[in-house]
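Here is the structure we will look at.
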Amino acid sequence: MIHTLPIPTPFMVGRVNVYLIEDEPLTLVDTGPNSGKALDELEQALAAHGREVADLELIVITHQHIDHQGLAQILARRSGADVAALDKLVPLLERFAEANEADDEFAEALMLRHGLSPDIAVALRSVSRAFRAWGGSVEVTRPLHDGGVLELRDRTYQVFHRPGHSPTDTVFWDEERGDLIAADHLIKHISSNPLITRPLDGGSERPQALVTYLDSLRKTREMPVRRVLPGHGEEIDNHVALIDERFRLHERRAEKIYGLIKEEPRTAHDIAQALWGNIAVTQAFLTLSEVLGHVDLLSNAGRVREVDRDGISVFEPA
């Protein structure tokens, strides 16, 4: 039996789905953010199923975002549970503060390169530092590997790395039951924003997050999934139709962005403002990632090119 425990977050996405798997070991997939409210509601949700934090034996983390891993250290300390995560995710969890500082440096340079003002870049970095309190470091005792398995008594999960939304997105596939624990890889009511994030290898080149994400979706589309258990919102019972809808959405957005670039050369920030206007500062990096992802699709198709103008990237028709 798998129980869905929707845990509150302070973010626009709303509640995060934490999954309690009634098996041996008793397993919790993701934790919610590091907040008193999240911990209180998690304890109440566990109690509704006759469990408490001390009963947990295994905590699985699906990816690096703080709404999914923030309580891991507290829960592991109180329960003695093992913590499992993809091997590529391990250093980001164990050296949380250091990794996030490096992420912020990468993001700030990216924002300046693509037309955001220094004031906005500095403000966003301050916001990011404040947000870190919702996450935290944790020691991983069971590293997992892409293509490997996570064995419980009554079920076996195949482990697949599906990067895109984040560089460390991991999905867990129970072939016998047809269940895919997908976290933020696929969400029913919103399109998972492929956030541009510092490369896992520490390189300085900007990753093509949307291109990577679409490749990951194509792999998931081919799987005979019966139901998807997402990181937010309702279960998904037709992943193929939803993924095809996502493909069409990204094709339409790429065409809209191409139309803007045809009108006149623009920075990614210019394009974001043309699409969404003056959005909240906290959303500036999200919209920048969205634009750059679709510009990558256009660039890879030979339709636009990136030119340097005094250290600022401008996109123009190829």
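The values are calculated or read from the model by the stated rules, or taken from the named source; none is laboratory data. These numbers come from a predicted model, not from an experiment. For neighbour counting, all protein chains shown are included, and Cβ atoms are generated from backbone atoms with ideal geometry for every residue, glycine included. Calculation scope for accessible area: heavy atoms of the full protein, side chains included, ligands and nucleic acids excluded. Shrake-Rupley method; radii C 1.70, N 1.55, O 1.52, S 1.80 Å.
The table below lists the values:
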{"item": "Hits in segment 107-142 - residues which are of a type in the set (S, T, N, Q) and part of a loop (DSSP other than H, G, I, E, B)", "result": "Ser117, Ser137, Thr141"}
{"item": "Where Glu316 falls short, out of the listed (1) over 30 Å from Phe131 (Cα atoms); (2) within 25 Å of the chain's Cα centre (by Cα)", "result": "(2)"}
{"item": "Enumeration of residues in segment 163-190 that are open to solvent by less than 20 Å² (accessible area, probe 1.4 Å) and of a type in the set (D, E, K, R)", "result": "Asp169, Asp174, Asp179, Asp184"}
{"item": "Segment 138-162, residues that are crowded, with 17+ Cβ neighbours inside 10 Å and more than 16 Å from Asp23 (Cα to Cα)", "result": "Val138, Val140, Leu144, Val159, Phe160, His161, Arg162"}
{"item": "Test: Glu43 is open to solvent by 60 Å² or more (accessible area, probe 1.4 Å), in contact (Cβ under 8 Å) with a residue 12 or more places away in the chain, out of contact with any Phe, Trp or Tyr (no Cβ under 7 Å at 6 or more places or on another chain) and of a type in the set (Asp, Glu)", "result": "no"}
{"item": "Unique match (being within 23 Å of Asp201 (Cβ to Cβ) and crowded, with 20+ Cβ neighbours inside 10 Å) among Ala102, Ala97, Ala107", "result": "Ala107"}
{"item": "Enumerated helices (runs of 4 or more DSSP H) restricted to segment 31-90, each holding at least 3 residues that are over 19 Å from Pro143 (Cβ atoms), under 22 Å from the mean Cα position of the chain (by Cα) and among the aliphatic types (A, V, I, L, M)", "result": "36-48"}
